[in-house]
Amino acid sequence: MKLLFPALALGLMLPAMSALAAEPGMEKNGMLVDATGMTLYTFDKDSGGKSMCNGGCAQNWPPLMASADAKATGDWTMIKRDDGTVQWAYKGKPLYTFVQDQKAGDMAGEGKMGVWHMAKP
């Protein structure tokens, strides 16, 4: 019985430890993508850990939102948006997807208006 308890305790801790280590995205082919493989972008007008993409901009470039219980880990951080919601950032740069990207791997937003760029690790 003594040997089972440490194994049981470890088994119960592993899911919690995994949740803490989970990141909102990953690196794939030299760029950052969200959990579903959609390309992530940065916006040149963002600065100081603040998103400048709100209203209509955010409708075309949906922010990569963080859940209320999300935890920053490594280079993945969070910023508070003007509306009080929380958005994921990578190395302090807020992250977005693009509405014209229809499937994982699409990169229609790359270079748009000279201010949108694929996020890179």
Checklist entry - Which condition breaks for CYS53 when tested against (1) in contact (Cβ under 8 Å) with a residue 60 or more places away in the chain; (2) open to solvent by less than 30 Å² (accessible area, probe 1.4 Å); (3) not aromatic (Phe, Trp, Tyr)? => result (1)
Checklist entry - Counting residues that are within 26 Å of GLY114 (Cα to Cα) and at pLDDT 95 or above, which strands (runs of 3 or more DSSP E) fully inside region 1-61 reach at least 2? => result 31-34, 41-43
Checklist entry - Within region 105-121, can you find the residues that are under 15 Å from the mean Cα position of the chain (by Cα), aliphatic (A, V, I, L, M) and assigned to a loop (DSSP other than H, G, I, E, B)? => result ALA119
Checklist entry - Between a first residue in region 65-79 that is closer than 15 Å to SER51 by Cα and a second residue that is open to solvent by 70 Å² or more (accessible area, probe 1.4 Å) and of a type in the set (Lys, Arg), which pairs have beta carbons less than 7 Å apart while being 6 or more apart in sequence or on different chains? => result ILE79/LYS50
Checklist entry - Does region 70-90 include one or more residues that are surrounded by 14 or more Cβ atoms within 10 Å (Cβ to Cβ), of a type in the set (S, T, N, Q) and either assigned to a strand (DSSP E or B) or touching a helix residue (DSSP H, G or I) at 6+ places or on another chain (Cβ under 7 Å) (or both)? => result yes
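This table checks each residue for (1) among the small types (Gly, Ala, Ser); (2) over 19 Å from GLU27 (Cβ atoms); (3) in contact with a Leu (Cβ under 6 Å, 6 or more places away or on another chain).
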site	(1), (2), (3)
SER51	yes, yes, no
ASP69	no, yes, no
THR77	no, no, no
GLY84	yes, yes, no
PHE98	no, no, no
GLU110	no, no, no
LYS120	no, no, no
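The values are calculated or read from the model by the stated rules, or taken from the named source; none is laboratory data. Small disclaimer: the values here were computed from a predicted structure and weren't measured. Cβ: placed from backbone, ideal geometry, glycine included. Neighbour counts: every protein chain shown. Just so you know, the surface numbers come from the protein's heavy atoms only, side chains and all, with ligands and any DNA or RNA stripped out. Shrake-Rupley method; radii C 1.70, N 1.55, O 1.52, S 1.80 Å.
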